[in-house]
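Values quoted throughout were computed directly from the atomic coordinates according to the rules given, and no laboratory measurement underlies them. Because the structure is a prediction, the values reported are computed rather than measured. Cβ placement follows ideal geometry from the backbone for every residue including glycine, while neighbour counts extend to all protein chains displayed.
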Amino acid sequence: MKRLKNIIKPNLVLLFATVIFSALLTSCKEDSKPKLLMVTEATFPPYEYHQNGKIIGIDPEIIQEIARRIGYDLVIEDMSFDSIITAVQTGKADIAASGITVTEERKQRIAFTVPYVMSEQLIIVPEKTDIRKPADLKGKRIGVQHGSTSDLYVAKHFQNPQRFANAALGVAALVSGKLDAVVLDGGPAKVHSARNPGLKLLPEALVHEEYAFVLNKKDKELLTKINGALTAMKEEGLVDEIIRKYEAEMKRQEQEKKKEKQSFLNALGDSIEINFIRDKRYMFLVRGFLITLQISFFAVIMGIIIGFGVAIIRSTADQTGKLKFANTLCKIYLTVIRGTPVVVQLLIIYFVIFGSVDVDKVLVAIIAFGINSGAYVAEIIRSGIMSIDKGQLEAGRSLGLSYPQTMFYIILPQAFKNVLPALGNEFIVLLKETSVSGYIALQDLTKGGDIIRSQTYDAFLPLIAVALIYLAVVMLFTHLLGILEGKLKKNE
Ligand code: GLN
């Protein structure tokens with residue numbers, strides 16, 4: 001055990017030093033120009049979408065030009081649509097550009113720039129349908145994107161819709177017959193219906209809207225500058241030109257898709273080509289996998305450190321009556337962390353605790369999952385400590401060892417061995433729990449699969465691939481744990 005500790009200790013210090021150092025490095029990096037952080041939900045073609053590892057489209061291109069004109073360096077981040085406005089409101093991002101409709105309700109919370117394009121809500125239906133006009137939507141299964149104006153409109157005028165993280169996932173559900181219609185903004189609605197031969201658009205729009213960019217109400221000066229640049233670009237005809245360029249690009253992609261449909265059938269080989277190889281889509285999984293591993297690895301370490309600390313405090317308080325105050329704090333920590341869902345904790349840490357600080361999101365996730373895991377590890381270790389016969393503590397003390405010495409050299413090593421299977425289980429849970437990281441716009445493994453899904457409308461292969469990767473990691477980990485258990489048994 002001592003040997004194990006000697007190996008683990010210096011490595012831990014090194015790893016932590018690396019994380020902290022790289023975090024400092026990223027936050028201290030001085031750019032010559034100030035940074036303009038734009039947030040968007042990039043499954044909304046032609047306004048924003050992923051292509052060859054980049055986020056492109058009408059919005060990024062307009063904002064890029066605005067940034068250039070007002071002297072900023074543009075950085076783009078992809079996140080779920082329902083987090084975008086909060087991100088700007090809490091100061092996490094400078095500007096949101098995501099085909100955002102101007103509404104009175106939103107105006108109370110954030111500031112809009114001048115509008116840059118007219119839009120409308122359209123209805124996508126299957127070729128064969130009895131829905132002919134908007135009024136026919138009553139009582140039907142309608143899909144929308146969560147938090148969008150389509151969501152608000154359908155809930156208000158028809159019934160509760162089925163809410164999807166993004167419109168593409170709703171369209172995929174429509175294709176597989178799980179919905180009767182999808183209500184969606186005109187731009188992406190045209191793209192999605194053209195790409196799926198079994199779908200069509202109803203000619204009548206549900207409602208007309210206007211898009212603008214979103215800023216924090218406090219950033220008055222930035223708003224004035226951006227409005228200036230945007231107005232000039234509109235007058236020069238540049239905004240319309242950008243819109244036309246992407247509309248043409250969508251048409252071109254459609255033609256390409258049509259040709260393919262004629263030449264191949266959807267055999268498995270083609271599905272693999274489309275889902276993973278084309279546009280290097282496998283990179284979403286590779287990059288996502290690395291992020292998932294990074295978060296899980298450091299969160300496990302943090303969880304162990306917190307867990308051991310809390311367990312020692314709690315057991316010491318139980319056995320000696322000391323450390324009362326620390327014990328109360330630990331109890332509060334355990335109650336709160338174990339009593340609330342990890343995804344809520346992650347969102348609180350990101351949006352509230354680090355609200356206006358610019359920290360690396362991977363670091364936020366490590367902290368959130370580390371703190372969460374610590375609570376479970378603490379109780380596992382404590383149960384290990386409790387399982388050790390009280391006589392051993394007394395024996396240690398009578399040999400002249402102090403309480404901490406007895407704890408570290410006699411009780412903890414045995415406790416650790418006893419709870420190893422339970423700890424292993426906790427780490428497996430943790431690895432899989434990191435799959436909610438997409439909520440703070442981290443592109444982990446699950447989110448990587450989602451992005452592929454939203455581009456190919458294929459649910460099967462991307463989900464199976466993601467599941468297999470998690471499974472492989474868990475199996476490898478269980479195997480390694482078995483080896484460690486065997487070694488510890490031999491050392492007995
Ligand atoms: N225009 C809609 C809204 O603002 C949807 C935008 C989007 O999905 N990106 O709510």
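Tell me the Kirkwood hydrodynamic radius of the chain in angstroms, computed as one over the mean inverse distance between distinct C-alpha pairs. Kirkwood radius, the chain: 25.6 Å.
Take the Cβ atoms of residue 90 and residue 286, set R0 to 35 Å, and the FRET efficiency comes out at 0.65.
In this structure, the amide hydrogen of residue 35, modeled 1.01 Å from its nitrogen in the peptide plane, lies closer than 5 angstrom to those of 73, counting only residues at least 5 positions away or on a different chain. Cross-link partners for residue 128 among the aspartates and glutamates, with Cα-Cα distance under 15 Å and sequence neighbours closer than 8 places in the same chain left out: 136, 180. Going by the alpha-carbon gyration tensor, a ≥ b ≥ c the square roots of its eigenvalues, is region 213-334 rounded (a/c under 1.5) or, if a/c is not under 1.5, prolate (a/b greater than b/c) versus oblate? Cα axes put region 213-334 in the oblate bin.
With contacts defined as alpha carbon pairs under 8 Å and 6 or more residues apart, what's the relative contact order of region 51-122 in percent? That works out to 25 percent.
Once the Kirkwood radius over Cα pairs is known for region 392-492, the Stokes-Einstein relation at 10 °C and 1.306 mPa s delivers a diffusion coefficient of 94 µm²/s.
Exposure proxy ranking for 157, 146, 50, based on other Cβ atoms within 10 angstrom of each Cβ and starting from the fewest, stands as 157, 146, 50. Sorting the segments 424-430, 392-398, 320-326 by their residues' average number of neighbouring beta-carbon atoms within 10 angstrom, most packed first, yields 424-430, 392-398, 320-326. Mean Kyte-Doolittle of at least 0.0 plus a Cα span of 20 Å or more along the axis: flag which DSSP H helices in the chain meet both, please. Taking the DSSP H segments of the chain (at least 20 Å long, mean hydropathy at least 0.0), we get 2-28, 282-320, 324-339, 361-387, 412-433, 460-491. The sum of -39500 (n - 2.57) across all DSSP H runs of n ≥ 4, divided by the residue count of the chain, sets its helix-only mean residue ellipticity at 222 nm to -19500 deg cm²/dmol. Taking 14 Å as the cut-off, the amide N atoms of region 373-407 that come nearer than this to a point 7 Å along the Cα-to-beta-carbon line of residue 484 belong to 377, 381. Tell me, what is a quarter of the convex hull surface for the C-alpha atoms of region 427-478, in nm² with one decimal? Computing the convex hull of the Cα atoms and averaging its projections yields 3.6 nm². Compared with the alpha-carbon gap, the fully stretched path from residue 422 to residue 33 is longer by 135.0 nm at 0.36 nm per residue. Taking the Cα centre of the chain as origin and assigning +1 to Lys and Arg Cβ atoms and -1 to Asp and Glu Cβ atoms, the resulting dipole is close to 1640 debye.
A simple spin-label model places pseudo-atoms 7 Å from Cα toward Cβ; at residue 333 and residue 130 they are separated by 6.1 nm. Computed over region 311-400, the quotient of the alpha carbon radius of gyration and 2.2 N^0.38 Å is 1.41. Under 14 Å from a label point set 7 Å out along the Cα-to-Cβ vector of residue 322, the amide N atoms of region 381-397 belong to 397.
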